[in-house]
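Here the structure comes first, spelled out in structure tokens, and everything after it is commentary.
The values are calculated or read from the model by the stated rules, or taken from the named source; none is laboratory data. In this text, all values refer to a predicted model and were calculated from it rather than measured experimentally. With ideal geometry, Cβ positions are generated from the backbone for all residues, glycine too; neighbour counts draw on all protein chains shown. Protein only, heavy atoms only, side chains kept; ligands, DNA and RNA dropped before computing areas. Shrake-Rupley method; radii C 1.70, N 1.55, O 1.52, S 1.80 Å.
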Amino acid sequence: MKKNIAQNEALPHEPRLYRVVADRIQALIAEENIAAGERLPSERDLATKLSVSRASLREALIALELGGVIEVRGGSGVYVSGLPEGPADVPEAGPGPFEVLSARRLIESEVAAIAARVATDSAIDEILKAVLEMEKHHANYSSNENADRNFHLSIARATGNSALVGTVEYLWNQRGRLWHKLKEHFQTEELRQQTLTDHRNILEAIASHDPAAARKAMRAHLERVTRTFSRG
């Protein structure tokens, strides 16, 4: 058993999918002689050409943008901004946004259901406070982001399980540079407004002590975010 553990520890880490796709995009740029300043094929065409999902492609493009290789211009497309001598140093930015969202859909939906079963009146008041703060600071990115975080953490706290609070906090903290760049490009006012409605629906289900409705409302919210960021 000790030998197996040592062997496993010696194995190299599997590269994150967005880094693999980013390398393939760079290879395509070189193979097709796409010069600096020129536009890449559309995301749909790139995804088909590389046989990857739109979500994986989008994460890779954002990573390449952070590495200074391409520039994503809203409403116009993706342009080559620099051609390094060798493979670009694509930054390791932690788990990809869609990887994190997938984990959050699984975990936070159940956290919301547990909260609906056991939340006290004071715990529900804390969730409401976070909702009101998010609505109040709707136009302020930093304050809105903090209120959003407090909303999800207050639901975890309502379960009375500190391990779940730690898990939700960990997942929230994985929203790194890739996430924020993705949000910068593809967050829409429609999604921002719908998020407020989603949060109200989640709060209502928890306050009504309806676990099934709370689970469904949280899943619908996180699925909506995923669809928006993956399809644009």
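Here are a few things to note about the model shown:
- Pair S142, A36: separation of 7 Å Cα→Cβ label points (nm): 3.4 nm
- Accessible-area order (highest first, 1.4 angstrom probe) of the listed residues E223, E108: E223, E108
- Degrees between helix 189-207 axis and first principal axis of the chain (Cα, 0 to 90, nearest 10): 30 degrees
- Residues of segment 141-164 with amide N under 11 Å of a point placed 7 Å along Cα→Cβ from A212: none
- Build a GNM of the chain with springs between Cα atoms under 10 Å apart, and of I70, I29, I206 the one that fluctuates most is I29.
- Solvent-accessible surface of protein heavy atoms, probed at 1.4 angstrom with all chains present, puts R19, R73 in the order R73, R19, largest first.
- The chain: most fluctuating residue of A147, A112, A27 per GNM, C-alpha cutoff 10 Å: A27
- Accessible surface for the chain, divided over its residues, is 52 Å² per residue with a 1.4 Å probe.
- Within the accessible area of the chain (1.4 Å probe), percent carbon and sulfur: 50 percent
- Relative to the longest principal axis of the Cα atoms of the chain, the long axis of helix 121-136 lies at roughly 50 degrees.
- S42 - accessible surface, heavy atoms, 1.4 Å probe, Å² rounded to 10: 40 Å²
- Of the residues D198, D148, D45, the one that moves most in a GNM of the chain with alpha-carbon contacts below 10 Å is D45.
- Only Lys, Arg, Asp and Glu carry charge here, each on its Cβ (+1 for the first two, -1 for the last two); on that basis the chain has a dipole of about 480 debye about its Cα centre.
- Only Cα pairs under 8 Å and 6+ residues apart enter the sum, and on that basis the relative contact order of segment 19-163 stands at 19 percent.
- Degrees between helix 17-31 axis and first principal axis of the chain (Cα, 0 to 90, nearest 10): 30 degrees
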